Amino acid sequence: MIALSVIAAVVAMCATAVALWQAREAKNAQEAAAAAHEAAAKAQEEAQAARKAVEQAATSALQAKTAAEEGKKAAGQAQEAATASRMLADEAQLTAQQATQQVSELTEMLAAERSRRGMPTFAITPGAPDEFRLSYFGGPAVIEQLTVSVVPGSRVLGLSQHDEPPAEHLEIGPLYNGSAITFRAATGQRASAVFQIRAEPWEPVVVRADQ
């Protein structure tokens, strides 16, 4: 009986040890399962973040492609506008050259007509910077007073003879036949300076200052 009791006790102790080992293993398995579940949740969150990043990258790529196409289109439109502006500038330059030639021809014609009729003839030549010389020849011995005016479009801002502020009209006189008077003209392009000279009782004449 004692032997049986000892054997039973030993078996009970073994059973208890096995139960404790199983309980510990079950606890470890439970903790591992919880860790695996947490890892799976974290992996799912990372997958969602990665999918969202891919979607954002795709959207950015599409926006960049659209912006590139719009930039290419804008560049083409700018090139077309530049070409049109260049054509307009060429046309404007040609028109200005034609107008200058017409003014020169008109000036020569008027000078010839005035000389033929014994009327006063004038010439304006550029001198020092912003200075011009008005020469008078062919006509009366003296002209008591004449008016030099700015011709619109000649790029002359004003006229003066001394230190007074530039004005649109400049009164000069007396002016003797064969003499010249120097006056100033506020202008940025002297080659385009065109003036109108009025001397009573003769009609006005347009004179171009050629360099």
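Each value in this text was obtained by applying a stated rule to the coordinates, not by laboratory testing. Just so we're clear, the structure is a prediction, and the values are computed from it rather than from any experiment. Methodologically, a virtual Cβ is constructed for each residue, glycine included, from the backbone with ideal geometry; neighbour enumeration extends over all protein chains shown.
Distances between placed amide hydrogens fall under 5 Å for Gly139 paired with no residue 5 or more residues away or on another chain.
Report the residues of segment 133-164 in range of a label on Glu200: point 7 Å along Cα→C-beta, backbone N strictly under 12 Å from it. Only 144-147 pass the distance filter. The label point for Asp130 and the one for Arg86, both projected 7 Å from the Cα toward the Cβ, are 3.7 nm apart.
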